[in-house]
Amino acid sequence: MIHKIRKYGDPVLRKECDRVEKIDDEILELLDDMVETMHDANGIGLAAPQIGVNKKIFVLDLGDGHIRKVINPEFLEFSDETEENEEGCLSVPGIYKKVKRSSKVKIKYMNEKWEEVTEEAEGLLSRALQHENDHLDAVLFVDKIAPVAKRIVSSKLQKLKKETLKELG
Ligand code: NI
């Protein structure tokens, strides 16, 4: 089922997420819904709070034939070396700005079969893992952009927030 994507200004994006205790039909359905919703929106990643669920889950599809279903992620390592690249977010439509992040990361998570997976990542995968994990900590990429860029998009963000709050009623 395709869900509505929550937008900037929705309080659900600013709540900490709970760990998942076990895999069950509810979680499997949620994972399927998240993948379907991400594909429908032409996104490469989607975190559970973006469809209104405050659980530590995100999905990624970087177009490499491997759809990652990530539960209870934990970073084990961040490289000191950083890279700056443009990011966007399905919850912050129309805004694309550069964000500085660690070039390489090592992450541990549970997959949809409840197996522990450890991955080392660089490039787009590293960036996407950090962006999606931030959602689970109630952080959005626009929180991390340079002050100058933030000033440039601040009126756009205010407008987006106003529209979201109006829609929520
Ligand atoms: Ni995002």
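Each reported figure results from applying straightforward, stated rules to the coordinates on display, with no laboratory input. Everything numeric in this text was worked out from a predicted model, so none of it was measured. All Cβ positions, glycine included, derive from the backbone under ideal geometry; neighbour counts span all protein chains shown.
In table form, for the structure just shown:
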item	result
Region 75-96, subset farther than 12 Å from HIS131 by Cβ and of a type in the set (D, E, K, R), residue surrounded by the fewest Cβ atoms within 10 Å (Cβ to Cβ)	ASP80
Given (1) of a type in the set (Lys, Arg); (2) more than 12 Å from the ligand (Cβ to nearest atom); (3) over 27 Å from LEU30 (Cα atoms), index of the condition ARG68 fails	(3)
Which numbered condition THR37 misses (of (1) free of Cβ contacts under 8 Å to residues at least 40 places away in the same chain; (2) at negative phi; (3) surrounded by fewer than 18 Cβ atoms within 10 Å (Cβ to Cβ))	(3)
Qualifying residue in region 11-28 (condition: within 16 Å of the chain's Cα centre (by Cα), crowded, with 19+ Cβ neighbours inside 10 Å, in contact (Cβ under 8 Å) with a residue 40 or more places away in the chain and assigned to a loop (DSSP other than H, G, I, E, B))	yes
Single unsatisfied condition, ALA121 versus (1) small (Gly, Ala, Ser); (2) without any contact (Cβ under 8 Å) to a residue 40 or more places away in the chain; (3) farther than 29 Å from ASP33 by Cα	(3)
Scan of region 41-52 for residues that are surrounded by fewer than 18 Cβ atoms within 10 Å (Cβ to Cβ) and under 17 Å from LEU28 (Cα atoms), ordered by number	GLY52
Region 125-151 - residue that is touching a residue at least 40 places away in the same chain (Cβ under 8 Å) and β-branched (Val, Ile, Thr) and, of those, surrounded by the fewest Cβ atoms within 10 Å (Cβ to Cβ)	ILE145
Where GLU116 falls short, out of the listed (1) in contact (Cβ under 8 Å) with a residue 24 or more places away in the chain; (2) more than 23 Å from ASP10 (Cβ to Cβ)	(1)
Residues (within 16 Å of the ligand (Cβ to nearest atom), of a type in the set (A, V, I, L, M, F, W, C) and assigned to a loop (DSSP other than H, G, I, E, B)) located in region 80-134	CYS89, LEU90, VAL92, ILE95
Members of region 64-90 that are farther than 15 Å from ALA121 by Cβ, in contact (Cβ under 8 Å) with a residue 12 or more places away in the chain and out of contact with any Gly (no Cβ under 9 Å at 6 or more places or on another chain)	ILE67, LYS69, ILE71, ASN72, ASP80, GLU84, GLU86, GLU87
In region 55-79, residue nearest to TYR8 (Cα to Cα) [restricted to those that are touching a helix residue (DSSP H, G or I) at 6+ places or on another chain (Cβ under 7 Å) and outside any strand (DSSP E or B)]	LYS56
Check on VAL35, in contact with a helix residue (DSSP H, G or I) (Cβ under 8 Å, 6 or more places away or on another chain) and of a type in the set (A, V, I, L, M)	no
Filter result (among the basic types (Lys, Arg) and under 24 Å from ASN42 (Cβ atoms)) within region 91-129	LYS97, LYS98, ARG101, ARG127
Single unsatisfied condition, LYS7 versus (1) farther than 13 Å from LEU129 by Cα; (2) free of Cβ contacts under 8 Å to residues at least 60 places away in the same chain; (3) crowded, with 19+ Cβ neighbours inside 10 Å	(2)
